Amino acid sequence: MAIVECRDIIKYFSVQRGYLKKGAGVVKALDGVSLEIEEGETFGLVGESGCGKTTLGKILLGIISPDSGEVLLKTKEKQAIFQDPYSSLDPKMKVRDIISEGLILKKGSKTRLLERIEKVLDVVRLPKGSLNKYPHQFSGGERQRIAIARAVVTEPEFIVCDEPVSNLDVTIQLQILKLLKEIQEKFRITYLFISHDLRVIKFMCDRVAVMKDGKIVENRGSKEIFTGPVHPYTKLLLSSIPRIF
Ligand SMILES: Nc1ncnc2c1ncn2[C@@H]1O[C@H](COP(=O)(O)OP(=O)(O)OP(=O)(O)O)[C@@H](O)[C@H]1O
Ligand SMILES: [Mg+2]
């Protein structure tokens with residue numbers, strides 16, 4: 001069953017004259033995008049910088065509205081994990097407050113709140129002592145664990161992971177990707193997983209949509225995409241993967 005669907009999404013941004021090439025006034029960030037994401041799967045979105053991945057993620061979450069087209073999201077329990085945990089975590093807030101922020105809106109006693117926060121720290125494998133520290137006191141990987149805890153603590157059914165490991169070293173990337181997989185299995189969360197890195201997409205995703213210039217050019221099972229790409233653009237992307245994983 002699909003948990004998220006979108007049909008014919010169009011989103012254009014107007015760009016000031018003189019900013020781009022002469023005469024350019026509009027960026028077609030999304031130019032007729034349709035997809036379905038099944039419950040419990042990891043759906044990958046891959047494509048070069050500027051092809052519209054983040055814009056699509058934000059539209060599916062309702063953070064921005066499309067110019068036209070429709071989005072059907074069958075859950076209210078949605079979250080996002082972004083690329084740069086430093087800019088997405090308030091540097092003036094302690095980890096305890098960062099994680100509880102989303103929860104405070106949902107009612108619960110103080111001890112209950114602390115229990116849940118401590119439990120989620122265990123899930124992302126951060127020590128309890130982390131609660132009274134600030135984001136700058138952690139490494140990049142640890143900060144991403146905090147961002148994951150903040151998302152997971154609200155018990156989401158759907159998470160948009162937008163380049164969640166792009167700022168991390170390869171070994172740390174793998175740890176975080178494994179953690180995300182483990183969390184998905186434990187809590188049966190559906191992911192939209194955005195990356196420009198095909199190795200990461202191959203490791204994480206059940207199905208993959210390849211985007212180019214605001215359009216999906218290929219949308220199939222991950223295995224099929226990686227063993228027999230059909231679109232020339234997918235072939236081009238695949239021919240440039242370094243073999244690490
Ligand atoms: N608020 C905005 N105003 C104007 N243009 C925008 C805005 N947001 C996105 N764009 C433009 O829309 C296009 C798609 O942007 P988007 O951020 O979705 O790409 P992306 O695939 O996520 O790229 P990246 O891999 O670099 O994150 C780009 O050309 C971008 O410059
Ligand atoms: Mg992006």
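The values are calculated or read from the model by the stated rules, or taken from the named source; none is laboratory data. These numbers come from a predicted model, not from an experiment. No Cβ is skipped: glycine too gets one built from the backbone with ideal geometry, and neighbour counts run over all protein chains shown.
Here is a yes/no grid of residues against (1) of a type in the set (S, T, N, Q); (2) touching a Cys at 6+ places or on another chain (Cβ under 9 Å); (3) at pLDDT below 95; (4) surrounded by 20 or more Cβ atoms within 10 Å (Cβ to Cβ):
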| residue | (1), (2), (3), (4) |
| --- | --- |
| Arg7 | no, no, no, no |
| Ile10 | no, no, no, no |
| Leu20 | no, no, yes, no |
| Gly23 | no, no, yes, no |
| Glu48 | no, no, yes, no |
| Asp67 | no, no, no, no |
| Leu72 | no, yes, no, no |
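For residues that are over 15 Å from the mean Cα position of the chain (by Cα) and either on the phi > 0 side of the Ramachandran plot or aliphatic (A, V, I, L, M) (or both), scanning just region 147-167, find the one that is surrounded by the fewest Cβ atoms within 10 Å (Cβ to Cβ).
Glu155
Based on what the data block shows, is Asp31 at pLDDT 95 or above and at negative phi?
Taking the combined requirement at face value, the residue satisfies it.
Looking at region 193-209, which of its residues are within 12 Å of ligand 1 (Cβ to nearest atom) and in contact with a helix residue (DSSP H, G or I) (Cβ under 6 Å, 6 or more places away or on another chain)?
Listed by number, the residues that qualify are Ile194, Ser195.
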